[in-house]
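Report on one structure; see the data block that follows.
The values are calculated or read from the model by the stated rules, or taken from the named source; none is laboratory data. Note that this is a predicted model, so its numbers are computed, not measured. No Cβ is skipped: glycine too gets one built from the backbone with ideal geometry, and neighbour counts run over all protein chains shown. Heavy atoms of the whole protein, side chains included, go into the accessibility calculation; ligands, DNA and RNA do not. Shrake-Rupley method; radii C 1.70, N 1.55, O 1.52, S 1.80 Å.
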Amino acid sequence: MEDKTKQLMMSDPAEMKAARKQIDYLDESIVRLLAQRFQVAALIGQIKKQNQVTVLDQNREQTVLKRVRAVNSDDATADYIENIYHEILANSRAYQCELIKNSQQTKKGER
Ligand SMILES: O=C(O)C(=O)C[C@]1(C(=O)O)C=C[C@@H](O)C=C1
């Protein structure tokens, strides 16, 4: 028998079901909050474009990472959460760049 099957049989199925339900519930909140975060990032992207400011702001990103570390009181997960935040920031930048690029193309098309 494969190891994975063994692991599942060892744990209490009811407990496992309840824990996964909790994960599903938390994922819903995380996704909603991330979508909101992207909306705000889009707004900042617009402001940056209007003011001809670069999307990447390294100082701000350092501040965000510091704040995130301070908010999380669990030292054991601090590095994992920081890794996730590096991804969030990279994707936030990518989204801003895409929106700026698209709006420039639309403008060209209007001419
Ligand atoms: O605060 C900004 O200047 C943003 O553009 C937002 C944000 C972020 O997602 O937190 C994204 C890109 C920047 O490099 C820094 C931070």
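Measuring nothing but protein heavy atoms, the accessible surface of the range 11-110 at 1.4 Å probe radius is 55 percent carbon and sulfur. Between the beta carbons of E82 and Q50, assuming R0 = 35 Å, the FRET efficiency works out to 0.65 to the nearest 0.05. Only helices enter the 222 nm calculation for the chain: every DSSP H run of n ≥ 4 contributes -39,500 (n - 2.57), and dividing by all residues gives -30500 deg cm²/dmol, rounded to 500. For the range 60-73, the Karplus equation 6.51 cos²θ - 1.76 cosθ + 1.60, evaluated at θ = phi - 60°, returns couplings of 5, 5, 5, 5, 4, 5, 5, 4, 4, 4, 5, 5, 7, 8 Hz by residue, with Gly and Pro reported as x. For the range 11-110, the per residue solvent-accessible surface stands at 82 Å², with DNA, RNA and ligands left out and a 1.4 Å probe. Rounded to the nearest 10 degrees, the inclination of helix 13-50 to the longest alpha-carbon principal axis of the chain is 10 degrees. If a/c stays under 1.5 just call it rounded; otherwise compare a/b with b/c (prolate if a/b is bigger, oblate if not). Do that for the range 11-110, with a ≥ b ≥ c from the square roots of the Cα gyration tensor eigenvalues. Oblate.
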